[in-house]
Amino acid sequence: QALLQKLDSLRKEVRHEIGATLTTQSLDETRAQKAFIQSLQETSNKDIVSTSIQIGDFRKGNWEGWYTNGWAFGDGPLIGAPYFNTNGDLIDLEAPHASSRRYGTGVQGVLHSPYFTIEKDSLSVKARGNGGLIRIVVDNFQLIQNPLWGGFEKIVDNQEWQTYTFNLSMVKGHKAYLAFLPGHYTQHQYRIDPENYVDIQYAYAYDSLFVAPRLNSTPSSLVNHPKTSPKVLHLIATFDSLSRQLHDPAHIIGVAEGDAVFSPVFIRGNKDQLSKEKVPRAFLTALNTEDAAFPQKGSGRLAWAEAVVHRDNPLSSRVMVNRIWHHLFGKGIVESVDNFGLQGKLPTHPELLDYLSLYFMEESWSVKNVIRQIVLSKSFQQGSTTLSKNQLKDPNNDYLHHFPIRRLEAEAIRDAMLATSGELDTTMYGVPVPIHLTEFMTGRGRPRQSGPLDGNGRRSIYLAIRRNFISPMMSVFDTPVPFSTFGKRNTTNVPAQSLTLMNDPFVHDQASKWASQILSYSNLSSKERIQKIYLKAFARNATPKEVEDAIAFLQDIEKKYATNPDPAVSEHQVWTDYCHTIFNLKEFIHLF
């Protein structure tokens, strides 16, 4: 923000210095500019051959309700921008127009119109640019794909003013908005190059022939003015140098501020019976928070967010801490984590829920602090064993007389296998790893290439999710199908889970890699290797009985591979089978 203020200050100083050469008034207030803008505003309808609707005309020198996001377009159209020839002479003043070059080319930002209803067959935009983009977004959907909708996006790649025309006849009656931005999309991925920009004069919708409103005067020509002063050239050079700092690759385009939308009531839920009155936007009145009414301009997203976290809102913090408790204990204080209403379950510990809810807000809505508070409690640190008398009084463990035994989620099971084998990549962030495709994963939308079997060792959170191509291993351990949200996952116990742990190629692959790691400790005895395996898998030492059983198991399977002529291969196979059995123990996939 400080950089933007400095650039704006420099721009004003340049314009002031130029204005001192031309007139005693500042450049923005020159008589030529005033006449220019006034002539546009007073243009008569005789200049428009057909009846047209103005979507935006930036030659008037204002946004007229348009919205901007990012830095590129600044806080208004460019007015009186100075033009220089190759000798450094000031040659002209630019007419007002919207420009993504307010701070130079290659700066990110979006300019988009208020919502409008498409009533005309065509829309024309007067624009110029280098790698700029014009998009018409209909009903909030980006209709840009050929053969039907390719005409709803146009690349602006001519540095002279051109008219770009869109055929809207197929979508008359729909709501839409126009969006301008420097840069371009390739396969839905946005990219902006240092030289990209887009300038726009106007946008009008019409039915037949269209002629834009003419201007009765233009800015005074400055061709005969003397060479620009060294001070102005120095200011311009400083401006250019600072503007390059805006090319920050870490700065990305997010959600842009939108227009106000007011909706009617569906009478008795019927979409074809709409109330005549449109309802002003407000928060959920049932929650009775203060200042329930929202500002009636703009998207209202900020007002909604503030209402969600308002201290008088009794729901948001309670739902969140209940879900945190659910993920730590396997069951929420309110068991129906998605339903706090009359059809949901009552809280087992209402005072505890109140306490954690207030603590969450007092700790600035810090999830980490709430987790720390819970895991340091005696309830979380209990053992999973129980006394029979307590079991009789509390068979469902509603009152937490012991820590509940629960199975790990599918992602944690996979990550645990990678961690024990030494293959887990704990690097944060990065692009998703494509899903590994088996021969049985067929159907519409199947990716052309399969990802690696081990997902490059990345944590499960970084595996790409494709709705119709879920990893079979993850699916069998109850990973939700990504069609809707799941506050509480199913936890099944079916034969397919045991069969997956026995036969899945990923499980075999990790067992083999774990065996290679164990065998690399050549100075350890078999008993010491077994202890190392137990420490890695269960964070505890093996009991004497477990060591004894493991030695017996190793001796049995050594006979199976005794015929192999290569002792090293035989030894690796023995330890691979043993590591595989560890993956199949209940303790590996459950928390006790």
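The values are calculated or read from the model by the stated rules, or taken from the named source; none is laboratory data. Since we're looking at a predicted model, the values are computed, not measured. As a convention, Cβ positions derive from the backbone with ideal geometry for all residues, glycine included, and neighbour counts pool all protein chains shown. All accessible areas refer to the heavy atoms of the entire protein, side chains included, with ligands and DNA or RNA removed. Shrake-Rupley method; radii C 1.70, N 1.55, O 1.52, S 1.80 Å.
The table for this structure:
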{"read-out": "Residue 458 long-range amide H proximity, modeled H, under 5 Å", "value": "425"}
{"read-out": "Sum of side-chain charges, residue 197 neighbourhood, beta-carbon under 13 Å (Lys, Arg +1; Asp, Glu -1)", "value": "-1"}
{"read-out": "Peptides ranked, highest mean first, by Cβ atoms within 10 Å: ranges 73-79, 551-557, 531-537", "value": "73-79, 531-537, 551-557"}
{"read-out": "Accessible-area ranking of 174, 184, largest first, probe 1.4 Å", "value": "174, 184"}
{"read-out": "Solvent-accessible heavy-atom area per residue, rounded to whole Å², over the range 331-454 at 1.4 Å", "value": "64 Å²"}
{"read-out": "Listed residues 327, 349, 337: farthest to the positive end of the dipole of the range 301-374 (Cβ charges)", "value": "327"}
{"read-out": "Mean shadow area of the range 320-474 over all directions, Cα convex hull, nm²", "value": "13.4 nm²"}
{"read-out": "Only Lys, Arg (+1) and Asp, Glu (-1) charged, at Cβ; the range 345-407 dipole about Cα centre in debye", "value": "380 debye"}
{"read-out": "The range 420-526 - Kirkwood radius from inverse mean 1/r over Cα pairs (Å)", "value": "15.9 Å"}
{"read-out": "For the range 339-350, 3J(HN,Hα) per residue [Karplus equation, 6.51 cos²θ - 1.76 cosθ + 1.60, θ = phi - 60°, Hz, x = Gly/Pro]", "value": "9, 9, x, 5, 8, x, 7, 6, x, 6, 9, x"}
{"read-out": "Counted charge near residue 561, where neighbours are those whose Cβ lies closer than 9 Å (Asp, Glu -1; Lys, Arg +1)", "value": "-1"}
{"read-out": "Fraction of accessible area attributable to carbon and sulfur, the range 532-592 (%, probe 1.4 Å)", "value": "58 percent"}
{"read-out": "Neighbour net charge for residue 571 - beta-carbon separation under 12 angstrom, K R +1, D E -1", "value": "-2"}
